[in-house]
Structures are given as C-alpha cells and as structure tokens.
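What follows is calculated from the coordinates using simple rules that are stated; it is not laboratory data. The shown structure was predicted, so the numbers you read here are calculated from the model rather than taken from an experiment. Glycine gets a Cβ as well: all are built from the backbone with ideal geometry, and neighbour counts include every protein chain shown.
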C-alpha cells in the first residue's frame, strides 16, 4: 500500500476532553478506510499565517499512514465533513531511492 502524510488542522478552541474525542473519531475513520497508522506527531496549537473560519490559531496533527489508493478520496471527504477539522491535506510519500 502507498504511504501518505495526512496533515490535519483542528479547531483551537477544543478542550482536552473534546480533543481526545476528536482524535478517537479520526482514528475510527482511518480504521474504516483500512488505513494503517505508521506514526502520529502532534504539534499542538500554533499561530496561522491567515485566519481560517475566523480563528488565527489551529491545533496541528501529522499522521503517516498507509491507505489503499482507491480509498484515499473517500477518506479525505469524510474527514472534511467533521466540524472540528479545519483543513485536511494528504500527500503521497515518494518511495525512497535504494542505495547502490
């Protein structure tokens, strides 16, 4: 399966309980789309270059996942439907060059 970087910007106004619930829902969505999570990097709150939905900050989470190619579009659509997810960016990782 191809490996992707999944970057999510979440609502910065979530408290720790709501943030935990949202991360649980994200993991359920990933499971439903047969994604295997390789790593998770939570960067926390940071200031945005421009406001998104009148918020000047966002909570950033990076996922490295392996997803079947035919399920990538539906995964992105379902994540974008979540109210607390402000932005979704999914980029395919290029295969690393093998050493000679």
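What to note about this one:
- Residues located in the range 83-100, provided they are in a loop (DSSP other than H, G, I, E, B) and farther than 25 Å from residue 19 by Cβ: 93, 94, 95, 96, 97, 98, 99, 100
- Candidate set: the range 44-82, residues that are part of a loop (DSSP other than H, G, I, E, B) and free of Cβ contacts under 8 Å to residues at least 24 places away in the same chain; chosen: the one surrounded by the most Cβ atoms within 10 Å (Cβ to Cβ): 81
- Here is the figure for the range 83-100: residues that are exposed (fewer than 12 other Cβ atoms within 10 Å of the Cβ) and farther than 21 Å from residue 14 by Cβ total 8.
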